[in-house]
1. Over 23 Å between Cα atoms: which of Lys92/Lys113; Lys37/Lys121; Lys37/Lys119; Lys26/Lys86; Lys37/Lys120; Lys45/Lys77 fall into that group?
2. Compute, for the chain, the length of the dipole vector about the Cα centre, with Cβ point charges of +1 (Lys, Arg) and -1 (Asp, Glu) only. Units Debye, rounded to 20.
3. Once phi is turned into ³J(HN,Hα) by the Karplus curve 6.51 cos²θ - 1.76 cosθ + 1.60 with θ = phi - 60°, what whole-Hz value does each residue of the range 128-137 show in order, with x for glycine and proline?
4. Would you list Glu24, Glu54 from fewest to most Cβ contacts within 10 Å?
5. Mind giving me the nanometre distance, one decimal, between the label points for Asp23 and Val84, set 7 Å out from Cα along Cα→Cβ?
6. Only counting other Cβ atoms within 10 Å, I'd like Val84, Val148, Val106 sorted with the fewest neighbours first.
7. Which one of Ile28, Ser67, Tyr41 has its Cα pushed farthest toward the positive end of the charge dipole of the range 6-136, where Lys and Arg give +1 and Asp and Glu give -1 at the Cβ?
8. With contacts defined as alpha carbon pairs under 8 Å and 6 or more residues apart, what's the relative contact order of the chain in percent?
Amino acid sequence: MGTLFMKQKALSIRENYELYCGDELKYIIKRRKLMAKMPVYDIYKEEGTVGSVEVVSKTSPLTFKISLNGNDEGEIKYEEIPGVNKLDYPSKGITIDGNSILSEFVIKDAGKKTIGTIKKKIVSVGDTYDITFENDADELLFAALALVTDETFHG
């Protein structure tokens, strides 16, 4: 089982995040343009850009395009319902069910098996998340899913 901790950098001009596994910095996420109508976030490792999350539609449903390791990984759709976060990622057979009031999200595969969780810390400086996932190979995917989940709070 893998874990990540995602923290928004409090004093950054753009929305920037750092993701850690224990004390090790694994990823840095940077928003390309602060004032863009459709935000794009790039995910970096030491060797360079490894992914991106792009808002492609702000009308209902809010739609995100995911790219990981140079591959188009499909779109995630979010229908806004007050107090409820439900995201659908059909190309991966993934759903994210959450409660924005409690700030807890469960990620399930096509068979409805829980494959991870994303929990937002309610009291923190900047947005902060604890991320767990079953398969270590999905680390980058879950970094992107945490970013998408965060954007549903702000979108």
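1. Details: Lys92/Lys113 13 Å; Lys37/Lys121 27 Å; Lys37/Lys119 27 Å; Lys26/Lys86 27 Å; Lys37/Lys120 25 Å; Lys45/Lys77 26 Å.
With Cα atoms farther than 23 Å apart: Lys37/Lys121; Lys37/Lys119; Lys26/Lys86; Lys37/Lys120; Lys45/Lys77.
2. The calculated dipole for the chain is roughly 520 debye.
3. These are the phi-based 3J(HN,Hα) values: 9, 9, 9, 10, 10, 8, 6, 9, 4, 5 Hz.
4. Working: Glu24 7, Glu54 17.
Final ranking by Cβ density, sparse to dense: Glu24, Glu54.
5. 4.4 nm
6. Val84, Val106, Val148
7. Going by the Cα projections, it comes out as Tyr41.
8. Working: 343 pairs, mean separation 28.8, N = 155.
Value for the chain: 19 percent.
Any read-out appearing in this document is the output of simple, stated calculations on the displayed coordinates, not a laboratory observation. This is a predicted model, so every value here is computed, not measured. Cβ: placed from backbone, ideal geometry, glycine included. Neighbour counts: every protein chain shown.
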